[in-house]
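Enquirer: Below is a structure I'd like to ask you about.
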Amino acid sequence: MRKYILLAAAFLMIGSAYAQKVVNRTGDVFTKGVRTSNVTLVQEGGLMKVAMDIDYAAASVEKKESLDIVPYLTDGTHTKELPALGLYGSNRYWKYVREHHTSARTFKLYNTKKAPATEHYTASVPYEKWMDNCQLLLKQTSRGCCNTTLGQGVETLASYLKQEFRFAPDFQYVQPVAEAVKNRAEQGEAYLSYAVGKSAVVENFQNNAAEINKILDFVKVLKDNPEEYKVKGIALKGFASPDGSYSVNEKLAKARTESLKGVISKALGTKEIPVSTSYVAEDWDGVCRWIEASSLDKKDEILAIVKGSLSPDAKDKKLASAFPVQYKQIKGECYPALRRASYVVDYEVVPYVDVNQIKAKINSNPKDLSLNEFFMAANSCQAGSPEFCDIMEKALAQYPSNEIAILNAANSAMGSGNMARAGELLSKLPDGGRSNQAPYFTYAKAVYQALNKNYAKAAQMFASIKDKVPQAAKALEQIQKADVLKSVSE
């Protein structure tokens, strides 16, 4: 009796689903002289498909012997036999035929004298969940007279591990439209001191020089760089506090603003930069903001007076009489801070085309850049790289309400794996809409859903825009091809 080696199959642990990976055995199988090669084990749709080449040329089966060859799938718990093969010696073959043996399984029988040298074997069985992690094994059983088992061999041919499907997104960044003219405005406030009852701005009085230089220093930077900037004008607005009569405050606010204009115009030494003025006689809005931020007792009642319909003089008088303690604090802490001048410097910035210059501006003076220029700089980097994401975030910081800036920053966040940040940003984008960018908002939100494994919802969103965003059709096909929609719904 020949000696046989019993080959035991080693089974893999059950893994997660949604994409396939086939690990084929290296080298040929040899048991009882039957060789297999080119083994494949793949899932296609609802079927598990097996294919291999079988070589019978070296098989050794005597006249009264038989060799049953049974491929089967197993995960260690479940087993599914595939159509079996039989290689029978001439005596045993005719005995089998005479007795009309039947088998519960599909069985292809060969007489060793007439067996083909090779055969391409294929088989398919309905795919079952346990096959997510299974092996293809080949069992060969040799029998002699009286159906005595002479030996048995089991060999692992291939392993199938269905790995988790990972959606591969194609992020769609939207290039902003370049600004035709890059108009900018620098805003600030100057807190000036005045001699009692006077409206003239005295430059060397208290801290006035430093406050005036807030305006002049900025304008000087613009004037000294004419290749980049063009100053278009300066707008001054004077404010007075509510203490005293409204008519006096109105005159003071107007006169003080005009006086500041004279000082600024003289310091500029040019009439090419227009300086305009306006004023607010009593800044009750400022009073309201101060009280709301304060910890004053009874501030709701005080705010009711401030926001009420009384005349300015009547408001101030009622505050003083109804809430003397609080009014003293308001007059001492709030009113002085209201005596100020706000300024707006309007200027124009040249467009930048050199990426290195743009990157330098991002770090030194980002407000000079258009959103399109930020995009140009980001586009020069590897998409998803730390530098790319940093530029997209800085663009958003400069244009926090711009939907394209929000969209691009959300895409870069998803690209870097920061899904929390992406979700936060995408929630700021509208659903639908008629703008040209609206389908791209939906696309980005669909990508977000797919990356979070909400495939059914993602597929629905991709389907709604596939005629408007070509990448949506491809994304939908990717999800459908991975066959995950049914798995999710179940």
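For every residue, the table says whether it meets (1) modelled with pLDDT of 95 or more; (2) touching a strand residue (DSSP E or B) at 6+ places or on another chain (Cβ under 9 Å); (3) surrounded by fewer than 20 Cβ atoms within 10 Å (Cβ to Cβ).
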{"position": "LYS64", "(1), (2), (3)": "no, no, yes"}
{"position": "LEU67", "(1), (2), (3)": "no, yes, no"}
{"position": "VAL70", "(1), (2), (3)": "no, yes, yes"}
{"position": "PRO83", "(1), (2), (3)": "no, yes, yes"}
{"position": "ASN91", "(1), (2), (3)": "no, no, yes"}
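Enquirer: Going residue by residue through the stretch 188-196, is there one that turns out to be assigned to a strand (DSSP E or B), surrounded by 13 or more Cβ atoms within 10 Å (Cβ to Cβ) and touching a helix residue (DSSP H, G or I) at 6+ places or on another chain (Cβ under 7 Å)?
Expert: yes
Enquirer: Which one of the conditions (1) closer than 12 Å to VAL70 by Cα; (2) at pLDDT 85 or above; (3) in contact with an Asp or Glu (Cβ under 8 Å, 6 or more places away or on another chain) does ARG105 fail to meet, given that it meets all the rest?
Expert: Failed condition: (2).
Enquirer: Still on this structure, please answer the following. Which of the residues that make up the stretch 225-243 are more than 20 Å from GLU186 (Cα to Cα) and either open to solvent by less than 30 Å² (accessible area, probe 1.4 Å) or free of Cβ contacts under 8 Å to residues at least 60 places away in the same chain (or both)?
Expert: Residues satisfying the conditions are ALA240, SER241, PRO242.
Enquirer: Filter the strands (runs of 3 or more DSSP E) completely within the stretch 34-92 down to those with at least 1 residues that are farther than 16 Å from LEU137 by Cα.
Expert: Where strands (runs of 3 or more DSSP E) fall fully within the stretch 34-92 and carry at least 1 residues being farther than 16 Å from LEU137 by Cα, they are 34-44, 47-55, 66-74, 84-88.
Enquirer: What are the pairs with Cβ atoms under 6 angstrom where one residue, in the stretch 296-325, is small (Gly, Ala, Ser) and the other, located anywhere, is part of a helix (DSSP H, G or I)? Sequence gap at least six, or different chains.
Expert: ALA320/TYR327
So that you can scan it fast, the table gives a plain yes or no per residue for (1) small (Gly, Ala, Ser); (2) within 22 Å of PHE239 (Cα to Cα); (3) in contact with a strand residue (DSSP E or B) (Cβ under 7 Å, 6 or more places away or on another chain):
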position	(1), (2), (3)
VAL287	no, yes, no
TRP290	no, yes, no
SER295	yes, no, no
LYS298	no, no, no
ILE302	no, yes, no
VAL306	no, yes, no
LEU310	no, yes, no
ASP316	no, yes, no
GLN329	no, yes, no
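Enquirer: Now for a different question. I'd like the full set of residues that are in contact with a Ser or Thr (Cβ under 6 Å, 6 or more places away or on another chain) and either open to solvent by 50 Å² or more (accessible area, probe 1.4 Å) or closer than 17 Å to LYS95 by Cα (or both), limited to the stretch 142-162.
Expert: ARG143, GLN152
Enquirer: Check whether at least one residue in the stretch 130-145 is out of contact with any strand residue (DSSP E or B) (no Cβ under 8 Å at 6 or more places or on another chain), at pLDDT below 95 and in a helix (DSSP H, G or I), and report yes or no.
Expert: yes
Enquirer: For the stretch 382-400, state whether one or more residues are aromatic (Phe, Trp, Tyr), in contact with a helix residue (DSSP H, G or I) (Cβ under 7 Å, 6 or more places away or on another chain) and assigned to a loop (DSSP other than H, G, I, E, B).
Expert: Yes.
Enquirer: List pairs: first in the stretch 198-224 and on the phi > 0 side of the Ramachandran plot, second open to solvent by less than 60 Å² (accessible area, probe 1.4 Å), Cβ under 8 Å, 6+ apart or cross-chain?
Expert: Listed pairs, sorted by first residue: GLN206/SER193.
Enquirer: Looking at ILE215, ILE234 in this structure, which one is at pLDDT 95 or above and either assigned to a helix (DSSP H, G or I) or not basic (Lys, Arg) (or both)?
Expert: It is ILE234.
Enquirer: Filter the stretch 193-228 down to residues that are out of contact with any Phe, Trp or Tyr (no Cβ under 6 Å at 6 or more places or on another chain) and within 22 Å of ASP368 (Cβ to Cβ), then give me how many there are.
Expert: 14
Enquirer: Still on this structure: Give me the helices (runs of 4 or more DSSP H) completely within the stretch 250-364, filtered to those with at least 3 residues that are open to solvent by less than 40 Å² (accessible area, probe 1.4 Å) and farther than 28 Å from LYS198 by Cα, ordered by residue number.
Expert: Hits in the stretch 250-364: 299-306, 355-364.
Enquirer: To continue, here is another question. Any residue in the stretch 386-406 that's farther than 18 Å from GLY417 by Cβ: show its pairings with residues that are aromatic (Phe, Trp, Tyr) and not in a helix (DSSP H, G or I) at Cβ separation under 6 Å, as long as the two are six or more apart or on different chains.
Expert: ALA405/TYR399
Enquirer: Related question: With respect to LEU157, is the statement that it is within 30 Å of LYS64 (Cβ to Cβ), in contact (Cβ under 8 Å) with a residue 12 or more places away in the chain and in a strand (DSSP E or B) true?
Expert: Spelling it out, LEU157 is indeed within 30 Å of LYS64 (Cβ to Cβ), in contact (Cβ under 8 Å) with a residue 12 or more places away in the chain and in a strand (DSSP E or B).
Enquirer: Looking at (1) open to solvent by 60 Å² or more (accessible area, probe 1.4 Å); (2) touching a helix residue (DSSP H, G or I) at 6+ places or on another chain (Cβ under 8 Å), can you tell me which one LEU369 breaks?
Expert: (1)
Residue-wise test of (1) over 20 Å from the mean Cα position of the chain (by Cα); (2) under 17 Å from ASN408 (Cα atoms).
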site: SER427; (1), (2): no, yes
site: GLN449; (1), (2): no, yes
site: LYS453; (1), (2): no, no
site: ALA456; (1), (2): no, no
site: LYS468; (1), (2): yes, no
site: ALA473; (1), (2): no, no
site: LEU476; (1), (2): no, no
site: GLN480; (1), (2): yes, no
site: ASP483; (1), (2): yes, no
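The values are calculated or read from the model by the stated rules, or taken from the named source; none is laboratory data. Just so it is clear, the model here is predicted, and its values are computed rather than measured. Neighbour counts run over all protein chains shown; Cβ positions are idealised from the backbone, glycine included. Areas reflect the complete protein model, heavy atoms only, side chains present, ligands, DNA and RNA absent. Shrake-Rupley method; radii C 1.70, N 1.55, O 1.52, S 1.80 Å.
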